[in-house]
Amino acid sequence: MDALHDNYTVTEDGRALLKKADNDQVETVWDRHQAQQPHCGYCETGLSCRNCIMGPCRVDPFGEGPQQGVCGADADIIVARNLARMIAAGAASHSDHGRDLVEVLLKVAEGKAAGYSIKDPAKLHSVAAEYGLAVDGKDDLTLAGELAHAMQEDYGTRKSSVTLLARAPEKRRAIWEKVGMTPRGIDRETSEAMHRTHMGVDNDWVSILVHAMRNALSDGWGGSMIATEVSDILFGIPQPNKSTANIGVLQDDKVNIVVHGHNPVVSETVVAACNAPELLKQAEENGAGGINLVGVCCTGNELMMRHGLPMAGNHLMTELVLVTGAVEMMIVDYQCIMPSISQTAACYHTKMISTSEKAKFPGMEHHEFTPENAYQKAEGLVKAAVENFSRRNQNRVAIPAVRPQEVVSGLSVEAIIGALGGTPDPLIDAIKAGKIRGAVGVVGCNNPKIKHDYGHRELTSQLIANDILVLDTGCVSVAHAKAGFKTLDALEQAGPGLKEICTALGIPPVLHVGSCVDNVRILVLVSALANTLGCDISDLPVAGSAPEWYSEKAATIGCYFVASGVLTHLGPMPPVTGSMNVVNLLTKGLEDVVGATFAIEPDPQKASRIIIRHIENKRKALGLDSRDV
Ligand code: CUV
Ligand code: SF4
């Protein structure tokens with residue numbers, strides 16, 4: 001069994017907990033992944049369709065069985081439609097997260113959201129100005145209301161393009177205009193994606209995919225960007241901070257509360273409640289040494305970025321965190337929350353709490369959070385967690401003895417520019433001088449198809465050793481944190497040029513820029529670099545990578561990176577191999593359309609070489625020195 005666990009994860013805490021899960025007879029995501037083998041080949045290649053009930057249909061990849069669905073759709077059409085629906089779901093998820101934040105902003109403006117406030121009025125003013133609002137002499141709440149309404153307009157269809165698209169370099173916007181990818185309303189593009197992929201609508205696979213890219217852009221430069229900006233306005237722009245990561249952040253003698261999901265709207269109020277003096281006093285009275293709030297997944301990332309909150313683990317660790325038996329309560333919002341986790345929790349004393357009407361789970365207690373009641377709800381939940389401490393079954397508690405790894409977090413674009421002394425110029429100079437070869441956003445999830453955190457660690461260690469600056473978000477950022485990449489000590493593993501520059505700036509070689517919606521911070525940064533250099537994003541020596549992605553949201557992120565001109569590597573293969581036309585378009589043809597493609601390579605070593613070669617080629621094209629790889 002131990003050998004098997006070594007195949008599941010590269011992490012020490014993960015292996016220890018897999019062993020405990022076995023002893024405790026708790027099933028994990030890896031067990032269920034085994035039980036699914038072999039996966040359906042039609043679905044894996046994208047060749048099955050159930051878009052209508054003349055079907056379900058499938059196309060035989062070997063050319064022997066049927067080559068068309070009942071309606072006549074062939075492999076190209078079916079694969080393209082399936083991919084488009086995947087991207088629509090990802091765009092819908094991130095953009096709906098943004099919408100919830102805009103609604104909180106509006107309630108704050110109306111004085112109806114007692115637990116929230118405007119933490120960053122300067123950002124409120126600057127974003128409002130970008131929306132063309134008259135900001136002078138207006139008080140914060142009036143402006144917040146106007147901005148919320150203007151953002152809601154972006155979701156609809158009344159404009160020819162989403163507002164924040166203006167942040168993209170002019171050359172990039174011209175490309176989108178030319179190829180028909182300029183995103184109009186956020187909801188419009190997603191809704192249109194569903195329309196186009198209905199039986200008998202868009203049956204030109206190229207045109208389906210062009211729209212899918214436009215849909216992804218409506219999220220990247222629309223819904224997700226709004227999510228990040230409003231989070232900063234409401235909760236503050238992240239600034240560099242010190243934190244810790246891995247399972248060792250759970251504490252034996254304290255009330256452990258874990259927040260899980262993506263939207264900081266709920267968890268920010270939990271942070272506040274955990275500091276309430278009367279609750280801390282109650283924890284003591286119950287025999288606990290205090291309240292220990294930690295995060296997992298992207299909700300954890302949001303709180304780590306803004307509060308330096310400790311991080312217990314990423315996607316594949318979410319069940320295992322509960323297997324410690326030391327968690328009094330897990331509070332979830334939405335996205336990437338495996339419905340299995342309430343079964344896991346049922347083996348221990350852990351209380352499981354859902355908070356959003358759109359994300360309910362069997363076996364969880366539901367406590368609906370609204371902007372009006374959020375803080376009160378949070379207080380009530382923390383109180384219940386404190387009370388649950390005495391119900392711990394000490395025989396089943398075992399937190400693996402790993403020392404929490406130190407982490408530097410909070411590298412928002414504002415913080416990065418701050419570290420650079422107020423302008424992106426020092427970074428550009430370092431790139432021009434060849435000390436830093438380029439930058440890569442390593443982002444995305446875990447997937448049991450890939451050894452947990454292996455892809456992230458391997459790829460990133462190669463990149464930094466080759467003088468490439470790494471920015472991370474999502475589950476990758478947790479993997480990197482646990483591997484120790486986000487400390488100044490990690491500069492020992494960096495190439496000489498990267499080490500020199502990062503040492504001078506006092507930053508690690510791997511920068512935590514946030515959660516998955518915060519991938520837009522990378523778009524903002526590359527736009528700033530391109531604008532300063534007077535070039536397009538596709539001219540820059542940069543790339544994106546999702547070595548262990550699993551989710552529909554990650555597919556959408558990959559698409560908006562590529563459509564924005566950034567070569568993007570994917571570890572796991574998306575379900576497209578049933579159509580060589582689609583594969584060729586994604587991995588080659590898009591170069592002529594948007595100046596970037598996908599590169600698909602499960603082996604992180606090989607992937608690093610693809611990325612390094614790409615960066616050196618881009619350097620050459622810019623007239624900078626380039627190394628042979
Ligand atoms: Ni989005 S990164 S599993 S929690 S999308 Fe979720 Fe953040 Fe992947 Fe991880
Ligand atoms: Fe079959 Fe066409 Fe219906 Fe899909 S849309 S299920 S291919 S008939």
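Rounded to the nearest 20 debye, the dipole size of the chain about its Cα centre is 600 debye, using +1 on the Cβ of Lys and Arg and -1 on the Cβ of Asp and Glu.
Each listed q (0.08, 0.20, 0.21 Å⁻¹) maps to a log10 I(q)/I(0) for segment 382-541, found by the Debye formula over equal Cα scatterers with no solvent: -0.29, -1.30, -1.41.
Listed by chain and number, the aspartates and glutamates placed with their C-alpha closer than 20 angstrom to that of Lys281 are Asp252, Asp253, Glu328, Glu379, Glu387; residues fewer than eight positions away on the same chain are left out. Of all aspartates and glutamates in the structure, the ones whose alpha carbon falls short of 14 Å from that of Lys19, not counting any fewer than 8 places away in one chain, are Asp2, Asp6, Glu27, Asp31, Glu319.
One Cα centroid belongs to segment 506-567, the other to segment 17-54; the line between them spans 30 Å. Look at Arg32, Arg214, Arg15 and count the other Cβ atoms within 10 Å of each Cβ; fewest to most, that gives Arg32, Arg15, Arg214.
Considering the zone a paramagnetic label at Leu505 would reach in this model (a point 7 Å from Cα along the Cα-to-Cβ line), which residues of segment 218-258 have amide N under 18 Å from it? Of the residues in segment 218-258, 238-242 have backbone N under 18 Å from the label point off Leu505.
For Lys112, the lysines whose Cα comes closer than 22 Å to its Cα, not counting residues fewer than 8 places off in the same chain, are Lys123, Lys138, Lys358, Lys377. Charge tally around Arg437: other residues with Cβ under 14 Å, Lys/Arg +1 each, Asp/Glu -1 each, net +3. Ranked for footprinting exposure by Cβ neighbours inside 10 Å, fewest first, Lys351, Lys138 give Lys138, Lys351. Cross-linked pairs Lys449/Lys553; Lys159/Lys618; Lys553/Lys620; Lys383/Lys486: Cα-Cα separations exceed 28 Å for Lys159/Lys618; Lys553/Lys620; Lys383/Lys486.
Using only the Cα atoms of segment 327-394, build the gyration tensor, take square roots of its eigenvalues as a ≥ b ≥ c, and label the shape rounded, prolate or oblate: rounded if a/c is under 1.5, else prolate if a/b is larger than b/c, else oblate.
oblate
When peptides 82-91, 507-516 are ranked by their average number of other Cβ atoms within 10 Å per residue, the highest-first order is 507-516, 82-91.
Compute the Kirkwood hydrodynamic radius of segment 503-572, taking the inverse of the mean of 1/r over all pairs of distinct Cα atoms, and give it in Å to one decimal.
Numbers: mean 1/r = 0.0758 Å⁻¹.
Computed over Cα pairs of segment 503-572, the Kirkwood hydrodynamic radius comes out at 13.2 Å.
Among rounded, prolate and oblate, which fits the chain when a ≥ b ≥ c are the square roots of the eigenvalues of its C-alpha gyration tensor, a/c under 1.5 means rounded, and a/b larger than b/c means prolate? Cα axes put the chain in the rounded bin. Residues Arg81, Arg173 in ascending order of nearby Cβ atoms (within 10 Å, fewest first): Arg173, Arg81.
Taken together, the values in this text are just the output of simple stated rules run on the coordinates, not laboratory data. Predicted, not measured: the structure shown is a model, and the values here were computed from it. Cβ: placed from backbone, ideal geometry, glycine included. Neighbour counts: every protein chain shown.
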